[in-house]
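Here the structure comes first, spelled out in structure tokens, and everything after it is commentary.
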Amino acid sequence: VPTPTFTPTPLPTPTFTQTPRPTATPTPIYVAVPLQELALLAEELPGSGYSVFTDERFDPAGWGPSAWERLFSFSTGGGDYLWVVLRLHKLDDPNAVSFIQVQACVRRDPSSTALVDEMPAPVTGDGTKVCRYRYDDGTRWFVYATGARRVAVHLQVNPKPTLSDSEAINFLSAMARKQLAVIERAYEGRTPLHVVPMPTPTPVSTGHTAS
């Protein structure tokens, strides 16, 4: 009797489908830059002879805790502007477009008699809006809004009577460009900006401002 032979049926080769690992989302690197360290210094202003009068957190309604105000005055009292106001405000939006759009040229103080006009100006940063406030005594205040890189820039000046509107706006435009350049340098290779806590402000009266 012949010996039986068995030919085993080969088993199928198992196949494995590996689920690819999800691509990791990089965690943003927050750079702790206090707003006061971004604010222009007196020697960086377009005009010379100014010094810092106050340097403090700016925290009225609508601005929130992440705002800083640096107020400059002319050292000898004879400058083109009695006051130069610089405010920086941390934004939640990636740009300052919304901040600029809501800066309406209106009287916010119901008792104010100022005449308010929106003025043309060169565009800087994410956009620009300039308002002129004219008072009965001849005083003028110019308010300039711009911003970039999640930082809003708010400027104010009150020029002496002999200065023209265009001279005041040119001063503000030059100051805005300098301030935005500082912000851009702080952002080189770093995003987004994280503002560290700031000290509580000490209220200072400086006469009437744009309202």
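The values are calculated or read from the model by the stated rules, or taken from the named source; none is laboratory data. Quick caveat: nothing in here was measured; it's all calculated off a predicted structure. A quick note on method: Cβ atoms are made from the backbone with ideal geometry, for glycine too, and the neighbour counts reach across all protein chains shown. Accessible surface areas use protein heavy atoms only, side chains included; no ligands, DNA or RNA. Shrake-Rupley method; radii C 1.70, N 1.55, O 1.52, S 1.80 Å.
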>> Considering only residues that are basic (Lys, Arg) and modelled with pLDDT under 90, which ones fall in region 161-191?
In response: ARG185, ARG190
>> Please determine whether any residue of region 75-82 is modelled with pLDDT of 75 or more, farther than 16 Å from ASN158 by Cβ, open to solvent by less than 20 Å² (accessible area, probe 1.4 Å) and out of contact with any Lys or Arg (no Cβ under 7 Å at 6 or more places or on another chain).
In response: no
> When you go through (1) in contact with a Lys or Arg (Cβ under 9 Å, 6 or more places away or on another chain); (2) open to solvent by less than 30 Å² (accessible area, probe 1.4 Å) one by one for GLY127, which number turns out not to apply?
Replying inline: (1)
>> Restricting to region 21-64, name every residue that is open to solvent by less than 40 Å² (accessible area, probe 1.4 Å), modelled with pLDDT under 80 and on the phi > 0 side of the Ramachandran plot.
In response: GLY64
> Of everything in region 83-113 that's modelled with pLDDT of 85 or more and among the hydrophobic types (A, V, I, L, M, F, W, C), which residue is most open to solvent (accessible area, probe 1.4 Å)?
Replying inline: TRP83
>> Looking only at region 148-167, filter to residues that are free of Cβ contacts under 8 Å to residues at least 60 places away in the same chain and among the small types (Gly, Ala, Ser); which one of those is least open to solvent (accessible area, probe 1.4 Å)?
In response: ALA148
> So how many residues does region 130-173 have that are out of contact with any Leu (no Cβ under 9 Å at 6 or more places or on another chain) and under 16 Å from LEU40 (Cβ atoms)?
Replying inline: 1
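Looking for something at pLDDT 90 or above and either open to solvent by less than 10 Å² (accessible area, probe 1.4 Å) or within 23 Å of ASP59 (Cβ to Cβ) (or both) - is there at least one such residue anywhere in region 192-210? Give the steps one after another, and end with the answer.
Our first condition is that a residue be at pLDDT 90 or above; within region 192-210, this holds for none.
Among the residues of region 192-210, not one is at pLDDT 90 or above and either open to solvent by less than 10 Å² (accessible area, probe 1.4 Å) or within 23 Å of ASP59 (Cβ to Cβ) (or both), which makes the answer no.
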